[in-house]
Structures are given as structure tokens and as C-alpha cells.
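Quick notes on the structure that follows.
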Amino acid sequence: MLHRQHNITKFKGTLAELKVASDLQRRGFIIGDPAGDMLPFDMLAIDPSSDYAMYKVQVKYVDLVDGKIKVDIKKTYLSAGMIFKTKHYSPEEVDVFAVYVPSLERCLYFSSDVLESNKTMLTINTRQGRNNQHECHLIENYGEFPCQESRQTKV
């Protein structure tokens, strides 16, 4: 059963990577796809309109549940001994998180600056909370790729 679950998770991750790569290409980025799973990020987004600035992108597959998209911003992986392990990302490893939401057929983006608050989960809401929370992360704030010089990978 563990092997089957790993295959389903791998399939979802691959689908998310393809959807995000397609979305970023549509936005004018060039995609750099590292071979294998040895790096802490899934792809490079290269912006030819900005002197070929590069961004390390970590892709997540997360579906909508009760109007919320709960993005786990830590890495869970299967070790060589078939044991699930968890690792926290650092701002040096990832510049941007990309989230593919299959039920919405949409890609969302947020800067790895969220890691500086030591959060391991980011909840994005599709509607404003009933009590108008100030810290409510609304989906409309996550549609654009966060091109920021401070998050850019230096070559």
C-alpha cells in the first residue's frame, strides 16, 4: 500500500509541475527543468524580460477543501529505507512556491518570504472570512508570479 500511495503522490506532483511550467511559459518565462529529484526546488523560472533573472520554484499540488487551499510548506519525502521524512525549506533553497489547484484548474504563486515567519502551512481562502480577519490570505492575491529582485537567484 505504501508503494501505491507514493506512486499517486508522485503522479500528482508531476501533473502540478507540468501545469505550472505551462502557466509560466504562457506568462513569458523560460523553464529550466533540473534532472532528478536531488535539488530542493522543482524548476527554474527564467525571465528573459528582466535580464534573464532566475527564480527557484517549488511546486505543490493542493486541492480545495471547504473553500480553503492549505499549502504544506515543508517537504515530505520517502527515504531509501521507505520511511517518510520531513524537511523544512529555507529561503536560500526556494524563491517562489507555485501551487496547482486541480479543482480550479489554476496556478497560484507566493514568495518564499513566508518561510521567514517559521510557518509550515499557508492557508489561502477563496472567500473572505465571516469575521473579516485581517490576516486572511485571499486567493486573488496569489495569481501573479512574485518577481522580486530580493528573491532572485544570482548566477
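Kindly evaluate residue 135 against the criterion of being exposed (fewer than 11 other Cβ atoms within 10 Å of the Cβ), at pLDDT below 85 and assigned to a loop (DSSP other than H, G, I, E, B). Spell out the reasoning first.
On the way: exposed (fewer than 11 other Cβ atoms within 10 Å of the Cβ): yes; at pLDDT below 85: yes; assigned to a loop (DSSP other than H, G, I, E, B): yes.
Yes: the conditions hold for residue 135.
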Screening 48, 102, 91, 34 for residues that are of a type outside the set (Val, Ile, Thr) and touching a Ser or Thr at 6+ places or on another chain (Cβ under 9 Å) leaves only 91
Among 35, 53, 98, 80, the single one that is under 14 Å from the mean Cα position of the chain (by Cα) and either surrounded by 19 or more Cβ atoms within 10 Å (Cβ to Cβ) or closer than 16 Å to residue 10 by Cβ (or both) is 98
Among the residues of the range 90-116, the number that are of a type in the set (A, V, I, L, M, F, W, C) and part of a loop (DSSP other than H, G, I, E, B) is 2
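Among 12, 70, 87, 75, which is the only one that is surrounded by fewer than 19 Cβ atoms within 10 Å (Cβ to Cβ) and part of a helix (DSSP H, G or I)? Spell out how you get there, then give the answer.
Details: 70 fails: part of a helix (DSSP H, G or I); 87 fails: part of a helix (DSSP H, G or I); 75 fails: part of a helix (DSSP H, G or I).
Just a single option satisfies the conditions, and that option is 12.
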When (1) modelled with pLDDT under 90; (2) in a loop (DSSP other than H, G, I, E, B) are applied to residue 144, the one that fails is (1)
Of the residues in the range 17-36 that are touching a strand residue (DSSP E or B) at 6+ places or on another chain (Cβ under 8 Å) and touching a residue at least 40 places away in the same chain (Cβ under 8 Å), the one that is farthest from residue 99 (Cα to Cα) is 29
Among residues of the range 102-117 being modelled with pLDDT of 85 or more and of a type in the set (Gly, Ala, Ser), the residue surrounded by the fewest Cβ atoms within 10 Å (Cβ to Cβ) is 103
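Taking the stated definitions as given, is residue 65 under 10 Å from the mean Cα position of the chain (by Cα) and either farther than 20 Å from residue 25 by Cβ or of a type in the set (A, V, I, L, M) (or both)? It would help to see each step written out before you state the result.
Values: under 10 Å from the mean Cα position of the chain (by Cα): no; either farther than 20 Å from residue 25 by Cβ or of a type in the set (A, V, I, L, M) (or both): yes.
In short, no.
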Checking 126, 153, 120 in turn, the sole residue that is among the hydroxyl-bearing types (Ser, Thr, Tyr), modelled with pLDDT under 75 and surrounded by 10 or more Cβ atoms within 10 Å (Cβ to Cβ) turns out to be 153
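For the range 32-53, name all the residues that are among the hydrophobic types (A, V, I, L, M, F, W, C) and at pLDDT below 90. Walk me through how you get there before you give the answer.
Residues of the range 32-53 among the hydrophobic types (A, V, I, L, M, F, W, C): 35, 38-39, 41, 43-46, 53.
Once the filter is applied, which keeps residues that are among the hydrophobic types (A, V, I, L, M, F, W, C) and at pLDDT below 90, the range 32-53 yields 35, 38, 39.
The values are calculated or read from the model by the stated rules, or taken from the named source; none is laboratory data. The model shown is predicted, which means the values in this text are computed figures rather than measured ones. When we count neighbours, we look across all protein chains shown, and the Cβ atoms used for this are built from the backbone with ideal geometry, even at glycine.
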